[in-house]
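The values are calculated or read from the model by the stated rules, or taken from the named source; none is laboratory data. Bear in mind that the values here come from a model prediction, so they are computed numbers and not experimental data. For neighbour counting, all protein chains shown are included, and Cβ atoms are generated from backbone atoms with ideal geometry for every residue, glycine included. To get the accessible areas, we keep the full protein, side chains included, count just its heavy atoms, and leave off ligands, DNA and RNA. Shrake-Rupley method; radii C 1.70, N 1.55, O 1.52, S 1.80 Å.
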Amino acid sequence: GILLTILQPYSDGPVYVAEQYDEGGWAAVDAAMENPPTTTEQVIHVTDEEPSPVEFEDRARGGWETFPEQGVDGADVAGEASMFVMFWDQARTADARTLDPSVLGRTDGQFDQYNYEAPPSDGWDGDRIVPYRNASGEYGYVWVTQWDSQQDAREFREAYMAILAAHDARTTDDGVRVVDEGPFADAFLVSQDGARVTIVNGPDPGAVEAIRPGTDAVES
């Protein structure tokens, strides 16, 4: 999974450059390199569409704190390519019903090595990952994702829920999904508000509530 994420610019980059060349020759390529893509979405889909800003207000309690000196204001971005690889890897390794793993090899054209397009990650419009820690050495995060439409958000949410189901997550009365065993043992709360899906993670349901109080689960 990590290898395929690293490979994405090398797979889709030649296609992106070829598109620029076909439209305006090497002058167009030079212009694109003066103002290069800033997201994997732009390279995957050969677009100049800018992501929407993803606002986030920390409201954690109970000793949970962010990492303000890391990333940008304590946050990082996953991006479309990483999301695609997440769904692909979980389909391949855990039989999660996210996408058909063979989609990776469905490419056309002489420059395209791998395909990074699939419904659960298409329609990405921005995201922000904010990691948390507490004094006991435990960790969690809030992952806010923004989508082009409510339908795109639903497809992402359903695919993420399929990952949790593949790891035998049980559901608490508050709607928190808990994976009891294995490398992904943790607690997860997934919510959707229109075109936005928020995932809250912590070591247990109490931590999830403390990291993001007041978040309502989505029934699925």
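Scanning region 1-39 for residues that are open to solvent by 40 Å² or more (accessible area, probe 1.4 Å), hydroxyl-bearing (Ser, Thr, Tyr) and in contact with a helix residue (DSSP H, G or I) (Cβ under 7 Å, 6 or more places away or on another chain), which turns out farthest from MET83 (Cα to Cα)?
TYR21
Test ALA162 against the stated conditions and say whether it is among the small types (Gly, Ala, Ser) and surrounded by fewer than 20 Cβ atoms within 10 Å (Cβ to Cβ).
In short, no.
Scan (1) within 16 Å of ARG61 (Cβ to Cβ); (2) outside any loop (DSSP other than H, G, I, E, B); (3) open to solvent by 30 Å² or more (accessible area, probe 1.4 Å); (4) not acidic (Asp, Glu) for the single condition ALA210 breaks and write down its number.
The failed condition is (3).
Condition first: of a type in the set (D, E, K, R) and more than 16 Å from the chain's Cα centre (by Cα). Now tell me which residues in region 110-156 satisfy that.
ASP112, ARG133, GLU138
Looking only at region 149-181, which residues are in contact with a strand residue (DSSP E or B) (Cβ under 8 Å, 6 or more places away or on another chain), hydrophobic (A, V, I, L, M, F, W, C) and under 14 Å from ASP122 (Cβ atoms)?
The answer is ALA153, PHE156.
Counting only residues that are touching a Leu at 6+ places or on another chain (Cβ under 7 Å) and modelled with pLDDT under 95, which one in region 195-220 is farthest from TYR139 (Cα to Cα)?
ALA217
Using beta carbons and a limit of 6 Å, which pairs, at least six apart or on different chains, have the first residue in region 159-171 and touching a residue at least 40 places away in the same chain (Cβ under 8 Å) and the second one among the hydroxyl-bearing types (Ser, Thr, Tyr)?
Note: pairs meeting the criteria are ALA159/THR98; MET161/SER220; ALA162/THR98.
What do you reckon, is ALA135 more than 16 Å from GLN192 (Cα to Cα), part of a helix (DSSP H, G or I) and of a type in the set (A, V, I, L, M, F, W, C)? First the steps, then the outcome.
Working: more than 16 Å from GLN192 (Cα to Cα): yes; part of a helix (DSSP H, G or I): no; of a type in the set (A, V, I, L, M, F, W, C): yes.
Taking the combined requirement at face value, the residue does not satisfy it.
Could you count how many residues in region 72-116 are assigned to a loop (DSSP other than H, G, I, E, B), touching a residue at least 40 places away in the same chain (Cβ under 8 Å) and not acidic (Asp, Glu)?
Of the residues in that region, 12 qualify.
Run down ASP73, ASP122, ASP112 and say which single residue is at pLDDT below 95 and within 27 Å of GLN20 (Cβ to Cβ).
On the way: ASP73 fails: within 27 Å of GLN20 (Cβ to Cβ); ASP122 fails: at pLDDT below 95.
Criteria check complete, one pass: ASP112.
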